[in-house]
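**Student:** To start, I am sharing the structure in question, which I have written as structure tokens.
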Amino acid sequence: MPHKMFTLNLKLMLKQREFFFALLVSLLIFLIPTIIEIIKLYGQDTATLASAWCYFGVVNAIANSLLANFVQLYFIFFFPFVASIAFSSCAFDEKKAGVNKFIIQRSGRKNYYISQALVTFMGGFSIVFISSMLSELAMMIAIPLNSNKITPYYPLEPDLLFRNVNFFETLCYNYPYFYYFIYNIIAGIFGGLIGLLSYSISLHLKVNRFLIITIPGIAYLVAGLIFNTFGLHAMSPEFLVVPPTNTEGIKLEYILIFGCGLILTNFLAVWSKIHLTKDEL
């Protein structure tokens, strides 16, 4: 039954327009500027180009980079909302349609809520991960993977892309492609957790569908505004989900605190709905 409920919810998510709308928005934000950047670089002598990873949008270190600007805007404004759109309103929709009681009776509370939570997480994760990965793969196909030119600014500022890397240094210096792959996973995990936070809200608060999707995003924006206003940029959420190459002072502890806070909040919300709340039957 757990496997069947998971499969059922996965198929349901893949049939929803909201999931494909969120995925389309993410793909457009990443891929359109990626294609434009590749066209701009087309025809240049490969000896003048740095390695492909230097042009990834998350680096945001190349002057007048359209991709970098779009990716920055994505993680500041769009990221928490598209992650929540994917499937976070599933419990709300089924309760409103009046089918949740029937499904819970057949599957059990635990299977019902855990399967929905897992698929919601997967939806938020995949939207962010797929978009960023396709953008980087396009760069890797169009631009040489290795170059004697260490950075786009070499030899004037050879360490510009590394000066704020305070952890995972070995990966960043020696295996940059694996480093950015790891960060795609990190961004995807946060996307999944934020989408799951919307789902958690729907389990306990009597709000409408719009608020279910937008409350985590609004909290994300407000937190970023507060931290940035007080000069605490290294703790701002939008800088914790991308590689710390441009923001000084980011520590692994900040990322872990942010992630563990979301995990704990979502776990308690789903656990309490399964074991403490008895309002459906």
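The values are calculated or read from the model by the stated rules, or taken from the named source; none is laboratory data. Just so it is clear, the model here is predicted, and its values are computed rather than measured. Here the Cβ is made from the backbone with ideal geometry for all residues, glycine too, and neighbour counts use every protein chain on show.
**Student:** Given the conditions (1) surrounded by fewer than 20 Cβ atoms within 10 Å (Cβ to Cβ); (2) modelled with pLDDT of 90 or more; (3) under 24 Å from G191 (Cα atoms), which single one is not true for I39?
**Tutor:** For I39, the failing item is (3).
**Student:** Continuing with this model, one more query. How many residues does region 67-103 contain that are closer than 30 Å to L41 by Cβ, hydrophobic (A, V, I, L, M, F, W, C), out of contact with any Asp or Glu (no Cβ under 7 Å at 6 or more places or on another chain) and touching a residue at least 12 places away in the same chain (Cβ under 8 Å)? Don't jump to the end; show me each part of the working.
**Tutor:** Looking only at region 67-103, we keep the residues that are closer than 30 Å to L41 by Cβ, and these are 67-79, 82.
Keeping just the survivors that are hydrophobic (A, V, I, L, M, F, W, C) gives 67-68, 70-71, 73, 75-79, 82.
Filter again for out of contact with any Asp or Glu (no Cβ under 7 Å at 6 or more places or on another chain), leaving 68, 70-71, 73, 77-79, 82.
In the following step, the residues that additionally are touching a residue at least 12 places away in the same chain (Cβ under 8 Å) were identified as 70-71, 73, 77-79, 82.
Of the residues in region 67-103, 7 are closer than 30 Å to L41 by Cβ, hydrophobic (A, V, I, L, M, F, W, C), out of contact with any Asp or Glu (no Cβ under 7 Å at 6 or more places or on another chain) and touching a residue at least 12 places away in the same chain (Cβ under 8 Å).
**Student:** While we're here: With part of a helix (DSSP H, G or I), surrounded by 18 or more Cβ atoms within 10 Å (Cβ to Cβ) and among the polar types (S, T, N, Q) as the only criterion, which of S272, S202 stands out?
**Tutor:** Numbers: S272 fails: surrounded by 18 or more Cβ atoms within 10 Å (Cβ to Cβ).
One residue alone meets the criteria, S202.
**Student:** Against the definition (in a loop (DSSP other than H, G, I, E, B) and either under 17 Å from the mean Cα position of the chain (by Cα) or buried (at least 19 other Cβ atoms within 10 Å of the Cβ) (or both)), how does P216 come out, yes or no?
**Tutor:** Numbers: in a loop (DSSP other than H, G, I, E, B): no; either under 17 Å from the mean Cα position of the chain (by Cα) or buried (at least 19 other Cβ atoms within 10 Å of the Cβ) (or both): yes.
Here the answer is no, as P216 does not meet what is asked.
**Student:** Quick check, is L225 without any contact (Cβ under 8 Å) to a residue 40 or more places away in the chain and within 30 Å of A97 (Cα to Cα)? Steps first, please.
**Tutor:** Details: without any contact (Cβ under 8 Å) to a residue 40 or more places away in the chain: yes; within 30 Å of A97 (Cα to Cα): no.
No: the conditions fail for L225.
**Student:** To continue, here is another question. Could you count how many residues in region 1-19 are crowded, with 16+ Cβ neighbours inside 10 Å and assigned to a helix (DSSP H, G or I)? Break it down into steps so the answer makes sense when it comes.
**Tutor:** The first filter runs over region 1-19 and keeps only residues crowded, with 16+ Cβ neighbours inside 10 Å, leaving 5-6, 9-10, 12-13, 16, 18-19.
Right, trim to assigned to a helix (DSSP H, G or I) and you get 5-6, 9-10, 12-13, 18-19.
Here the count works out to 8.
**Student:** Could you please give the count of residues in region 1-28 that are of a type in the set (V, I, T) and over 14 Å from A83 (Cα atoms)? Show your work before the answer.
**Tutor:** As a first pass, look at region 1-28 and keep what is of a type in the set (V, I, T): 7, 25.
Those left that are additionally over 14 Å from A83 (Cα atoms): 7.
Residues meeting the conditions: 1.
**Student:** Can you tell which of A47, A83, A22 is farther than 18 Å from P243 by Cα and modelled with pLDDT under 85?
**Tutor:** On the way: A83 fails: modelled with pLDDT under 85; A22 fails: modelled with pLDDT under 85.
Of A47, A83, A22, the one residue that is farther than 18 Å from P243 by Cα and modelled with pLDDT under 85 is A47.
**Student:** Which one of these does V58 not meet: (1) closer than 30 Å to L211 by Cα; (2) touching a Lys or Arg at 6+ places or on another chain (Cβ under 9 Å)?
**Tutor:** Evaluating V58 over (1) closer than 30 Å to L211 by Cα; (2) touching a Lys or Arg at 6+ places or on another chain (Cβ under 9 Å) leaves (2) as the failure.
**Student:** Shifting gears a bit: Using beta carbons and a limit of 6 Å, which pairs, at least six apart or on different chains, have the first residue in region 26-42 and in contact (Cβ under 8 Å) with a residue 12 or more places away in the chain and closer than 12 Å to I127 by Cβ and the second one surrounded by 15 or more Cβ atoms within 10 Å (Cβ to Cβ) and of a type in the set (S, T, Y)?
**Tutor:** Hits for this filter: S26/S131; L27/S131; I29/Y74; F30/S131; F30/S135.
**Student:** Determine which member of the set F81, F87 is assigned to a loop (DSSP other than H, G, I, E, B) and within 30 Å of L12 (Cβ to Cβ).
**Tutor:** On the way: F81 fails: assigned to a loop (DSSP other than H, G, I, E, B).
Unique residue meeting the criteria: F87.
**Student:** Looking only at region 121-167, count every residue that is buried (at least 17 other Cβ atoms within 10 Å of the Cβ), at pLDDT below 80 and among the hydroxyl-bearing types (S, T, Y) and tell me the total.
**Tutor:** 2
**Student:** Report the residue count in region 234-244 for those that are farther than 12 Å from I76 by Cβ and either surrounded by fewer than 18 Cβ atoms within 10 Å (Cβ to Cβ) or among the small types (G, A, S) (or both).
**Tutor:** 1
**Student:** While we're looking at this one, here's another question. T247 fails exactly one of the following numbered conditions: (1) part of a loop (DSSP other than H, G, I, E, B); (2) modelled with pLDDT of 85 or more; (3) among the hydroxyl-bearing types (S, T, Y). What is the number of that condition?
**Tutor:** (2)
**Student:** Looking only at region 168-190, count how many residues are farther than 16 Å from V241 by Cβ and either assigned to a loop (DSSP other than H, G, I, E, B) or modelled with pLDDT under 80 (or both).
**Tutor:** So in region 168-190, the residues farther than 16 Å from V241 by Cβ come out as 169-178.
Subsequent filtering for residues that are either assigned to a loop (DSSP other than H, G, I, E, B) or modelled with pLDDT under 80 (or both) retains 175.
The number of residues fulfilling the criteria is 1.
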